[in-house]
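A short write-up of the structure that comes next.
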Amino acid sequence: MYAVIRTGSKQYRVSPGDAITIEKIDVAEGKKCQFEDVVLFHDGKNVVADPRELAKVRVDARVVTQGRSEKLIVFKYKPKKGYRRKKGHRQSLTRVEIEDIVVRKTAPRKKAVGAGKAGGTAAKA
């Protein structure tokens, strides 16, 4: 069984027990997190790609560590002009361990767009 999830503008193929490194998410180390944005799901027999069916699938994970990548050097250079710029960049990363892929019987309910607002839009005469 595996699922393809989308997080941090990237997609990852995950199975229970996998450990992946993703872009930073704001969850403390040791805490659990859930990925609701599932792009594809395979249960061993069937492949599910229908968005209505994928709304029932959730991936549960646990944050192992929060860290940073190795430094990436950005060097700009223009020949014969004396133009050189050197910058460095380190991306914040999160290491998560996939615990389970959960398939619910029904999709979770979403709130109505206008729910909770007082009054309506009335035309003035």
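Every number in this text was worked out from the coordinates using simple rules, so none of it is lab data. For clarity, every value in this text was computed on a predicted model and none was experimentally measured. Backbone-built Cβ (ideal geometry, glycine too); neighbour counts: all protein chains shown.
Every residue in region 1-23 that is over 18 Å from residue 94 (Cβ atoms) and not hydrophobic (A, V, I, L, M, F, W, C), please.
2, 15, 16
Going through region 37-84 one residue at a time, which ones are small (Gly, Ala, Ser) and not in a loop (DSSP other than H, G, I, E, B)?
Listed by number, the residues that qualify are 61, 67.
Considering only residues that are among the β-branched types (Val, Ile, Thr) and closer than 30 Å to residue 88 by Cα, which ones fall in region 24-72?
25, 27, 63, 64, 65 - these are the residues of region 24-72 that are among the β-branched types (Val, Ile, Thr) and closer than 30 Å to residue 88 by Cα.
In region 48-94, which residues are among the charged types (D, E, K, R), within 30 Å of residue 1 (Cα to Cα) and free of Cβ contacts under 8 Å to residues at least 24 places away in the same chain?
If the condition is that a residue be among the charged types (D, E, K, R), within 30 Å of residue 1 (Cα to Cα) and free of Cβ contacts under 8 Å to residues at least 24 places away in the same chain, then 50, 53 are the ones that fit.
Can you find even one residue in region 6-18 that is over 16 Å from the mean Cα position of the chain (by Cα) and either within 28 Å of residue 106 (Cβ to Cβ) or surrounded by 13 or more Cβ atoms within 10 Å (Cβ to Cβ) (or both)?
Yes, because at least one residue in region 6-18 is over 16 Å from the mean Cα position of the chain (by Cα) and either within 28 Å of residue 106 (Cβ to Cβ) or surrounded by 13 or more Cβ atoms within 10 Å (Cβ to Cβ) (or both).
Among the residues of region 24-36, count how many are of a type in the set (A, V, I, L, M, F, W, C) and either closer than 20 Å to residue 109 by Cβ or assigned to a strand (DSSP E or B) (or both).
Number of matching residues: 2.
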